[in-house]
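Colleague: Submitted below is the structure of interest, expressed as structure tokens.
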Amino acid sequence: MSTKCNSNKTCVLPFSHFIAYPMGDARACAMSGKIKDVDLNKTSIDEAFNSKEYKKLRSDMLNGVENDICKICYNMESRNSESYRQKANNEYKNTFGLDIEDLIVDIKEDGELKPNFIKLDIRPSNICNFKCRTCSSEYSTRWIEEEREYNLSKGIEFDESKLITAEKSYGISDESIVNLKEIYIAGGEPLYMTEMYKFIEGIKNKSKTSLHIHTNLTTLKFKKYDLFELLKDFEAINLFISVDGIGEIGEYIRTGFKWKTFTKNVDKLLIMEEMYPNFHHNFHFTSSILNVFHFFEFLEEMKKRKYVKTDSQIQYYPVRWPTYFNSINFNMKNEILE
């Protein structure tokens, strides 16, 4: 196939990137629609990369066709807004020195392309040691029994197959990650997933790869693995640490969370950051009606303990779902803004 392409429609991500979700869903990127003919419970990521829909998406892009899977970006661009597609193309060029032409040298007419991942976003399991009040069984196994009991008690019909523990192999060959530059891993809780450790252990080019892990940081040792020892050889390690409050408030919102254990582990992380400059961290604070008035107390505690040097190390996410925790539904806008 000709390596020329329509630069106004193409995006580097469907040619070099993959997102895998715990229940088996897949996307080309965080903004795309689902790749509907992919079920990662039945196929590997390498195989899914060349599903019929995924191949068609690539073929459409190269031929200047707007595929509905990527309609969010195309719609943004039609309104003169910078899209995720444009940001990704710029990032690849400026950070990795790669253009779309570099990724399509061996592509076939129907869009088939040998997996050569530059970036991966993988969430292979809903296994988690927490039962956070703003979560569900899709992302935490701790919720499974309670959801089942609640539905039964209310006489609500539900799909038993959705209330499962999903744990799968990543299904990515060594050949597919030879040129890997960046990995994002979430869950569930990645630090409780055997497959996550196996995958990281097997990466050959750690010194050229940035690793991002979204974690509750409640364990630093798992089975035979020592977290810091396993990660220290990566080019960069960024830990996105979820925490929704200090002391009793944090423990109430995130069932299973222990403030004393958490602070002990963060203290160890700070020591590692002194030893290894490739370690970095920030905090993700999920704001709901349960903690919206607690945020500044939380912020001050993080600063007092020297867990953050600047406000930019805390990322603030308002809860939209479940709606009964969404602060906007409580007619308290002025109090919250104040």
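The values are calculated or read from the model by the stated rules, or taken from the named source; none is laboratory data. Remember, predicted model here, so these are calculated numbers, not experimental data. Cβ atoms come from the backbone with ideal geometry, glycine included; neighbour counts cover every protein chain shown. Keep in mind that these areas ignore ligands, DNA and RNA; they rest on the heavy atoms of the full protein, side chains included. Shrake-Rupley method; radii C 1.70, N 1.55, O 1.52, S 1.80 Å.
Colleague: Please name which of Phe293, Cys132, Ile69 has its Cα lying farthest along the dipole of the chain towards the positive end, using unit charges on Cβ (Lys, Arg +1; Asp, Glu -1) and the Cα centre as origin.
Modeller: Checked the options; the winner is Phe293.
Colleague: Quote the charge dipole size of the stretch 116-258 about the Cα centre in Debye, to the nearest 20; the model charges only the Cβ of Lys and Arg (+1) and of Asp and Glu (-1). Show your work: numbers first, answer last.
Modeller: Numbers: 20 positive and 23 negative charges, 78 e Å.
For the stretch 116-258, the charge dipole is close to 380 debye.
Colleague: Antiparallel versus total DSSP beta bridges in the chain: what percent is that, nearest 5? Mind dumping the intermediate values first?
Modeller: Details: 8 of 37 bridges.
About 20 percent, rounded to the nearest 5.
Colleague: Counting alpha carbon pairs within less than 8 Å and at least 6 residues apart, what relative contact order, in whole percent, applies to the chain?
Modeller: Numbers: 588 pairs, mean separation 46.6, N = 338.
Answer for the chain is 14 percent.
Colleague: At what distance in nm do the modelled label points of Ser173 and Leu270 sit from each other, each positioned 7 Å from its Cα along Cα→Cβ?
Modeller: For the pair Ser173/Leu270, the computed spacing is 4.7 nm.
Colleague: For the stretch 240-301, what relative contact order do you get, as a whole percent, if you take Cα pairs closer than 8 Å and at least 6 residues apart? Before the final figure, lay out each step's value.
Modeller: Working: 49 pairs, mean separation 29.9, N = 62.
The normalised contact order for the stretch 240-301 reaches 48 percent.
Colleague: Under the 0.36 nm per residue contour assumption, what length would be gained going from the current alpha-carbon distance of Thr261 and Phe222 to full extension?
Modeller: Numbers: separation 39, 0.36 × 39 = 14.04 nm, distance 1.51 nm.
Stretched out fully, the Thr261 to Phe222 stretch lengthens by 12.5 nm.
Colleague: Say R0 is 22 Å: what FRET efficiency, to the nearest 0.05, do Asp311 and Ile289 get from their beta-carbon distance? Write out the running numbers ahead of the final one.
Modeller: Numbers: r = 23 Å, r/R0 = 1.03.
With R0 = 22 Å, the Cβ-Cβ based efficiency is 0.45.
Colleague: Over what distance in Å are the Cα centres of the stretch 12-36 and the stretch 262-338 separated?
Modeller: Cα centres, the stretch 12-36 to the stretch 262-338: 28 Å.
Colleague: Largest first, what is the accessible-area ranking of Thr10, Thr43 with a 1.4 Å probe?
Modeller: Details: Thr10 5, Thr43 40 Å².
From most accessible down to least: Thr43, Thr10.
Colleague: Taking the simple approach of a point 7 Å from Cα along Cα-to-Cβ for both Asn63 and Glu235, what is their distance in nm?
Modeller: 3.5
Colleague: Still on this model: Which entry in (1) 35, 28, 17; (2) 34, 24, 22; (3) 49, 26, 17 matches semi-axes √(5λ) of the Cα gyration tensor in Å derived from the coordinates of this structure?
Modeller: (2)
Colleague: Does anything in the stretch 222-241 have its amide N under 20 Å from the 7 Å Cα→Cβ label point of Asn282, and if so which residues?
Modeller: Counting backbone N atoms under 20 Å from the label point, the list is 235-241.
Colleague: I'd like to know which of Leu113, Ala186, His281 lies farthest towards the positive end of the charge dipole of the chain, counting +1 on Cβ of Lys and Arg and -1 on Cβ of Asp and Glu.
Modeller: Most positive-ward Cα: His281.
Colleague: With the contact rule set at Cα under 8 Å and sequence spacing of 6 or more, what percent relative contact order holds for the stretch 51-197? Walk me through the numbers on the way to the answer.
Modeller: Working: 163 pairs, mean separation 38.5, N = 147.
This gives 26 percent for the stretch 51-197.
Colleague: Roughly how many debye, to the nearest 20, is the charge dipole of the stretch 1-141 about its Cα centre, given +1 on each Lys and Arg Cβ, -1 on each Asp and Glu Cβ, and no other charges? Working shown, then result.
Modeller: Values: 21 positive and 21 negative charges, 90 e Å.
Rounded to the nearest 20 debye, it is 440 debye.
Colleague: Past 26 Å, Cα to Cα: identify those pairs from Lys36/Lys204; Lys93/Lys114; Lys71/Lys206; Lys131/Lys309, in the order given. If you can, show how the numbers build up before the last one.
Modeller: Numbers: Lys36/Lys204 32 Å; Lys93/Lys114 21 Å; Lys71/Lys206 35 Å; Lys131/Lys309 30 Å.
Violating the 26 Å limit, Cα to Cα: Lys36/Lys204; Lys71/Lys206; Lys131/Lys309.
Colleague: Taking all protein chains together and a probe of 1.4 Å, list Phe96, Phe285 from the most accessible to the least accessible. Please report the intermediate quantities before stating the final value.
Modeller: Working: Phe96 45, Phe285 0 Å².
So the residues, ranked largest to smallest area, are Phe96, Phe285.
Colleague: Tell me, what ³J(HN,Hα) does each residue in the stretch 317-330 have, in order and in whole Hz, if you take phi through Karplus 6.51 cos²θ - 1.76 cosθ + 1.60 with θ = phi - 60° and put x for Gly and Pro?
Modeller: Each residue's phi maps through the Karplus curve to give 10, x, 6, 10, 9, x, 4, 6, 10, 6, 4, 5, 8, 10 Hz.
Colleague: Can you sort Lys198, Lys55 by 1.4 Å-probe accessible area, starting with the largest? Let's see the in-between values first.
Modeller: Numbers: Lys198 110, Lys55 40 Å².
Of Lys198, Lys55, the descending order of accessible area is Lys198, Lys55.
Colleague: If you don't mind, another one. Express in Å², to the nearest 10, the accessible area of Trp259 obtained by rolling a 1.4 Å probe over the protein heavy atoms while all chains stay in place.
Modeller: The accessible area comes out at roughly 30 Å².
Colleague: Moving on. Which percent of the accessible area of the stretch 216-338 is formed by carbon and sulfur heavy atoms (probe 1.4 angstrom)?
Modeller: On the way: 3820 of 7120 Å².
Roughly 54 percent of what the probe reaches on the stretch 216-338 is carbon or sulfur.
Colleague: Pick from Glu201, Glu274, Glu112: which is most flexible by mean-square fluctuation in a GNM of the chain where alpha carbon atoms under 10 Å apart are linked?
Modeller: Highest fluctuation of the listed residues: Glu274.
Colleague: Could you tell me the distance between the Cα centroids of the stretch 193-260 and the stretch 67-126, to the nearest Å?
Modeller: Distance between centres, Cα-based: 27 Å.
Colleague: At 7 Å along the Cα-to-beta-carbon direction for both Phe330 and Glu157, put a label point, then send me their distance in nm to one decimal.
Modeller: 3.6
Colleague: Lys and Arg at +1, Asp and Glu at -1: add these up for the other residues within a Cβ distance under 9 Å of Lys55 and post the number.
Modeller: Values: positive: Lys52, Lys56, Arg58, Lys108; negative: Glu53, Asp110, Glu112.
Cβ neighbours under 9 Å give a net charge of +1.
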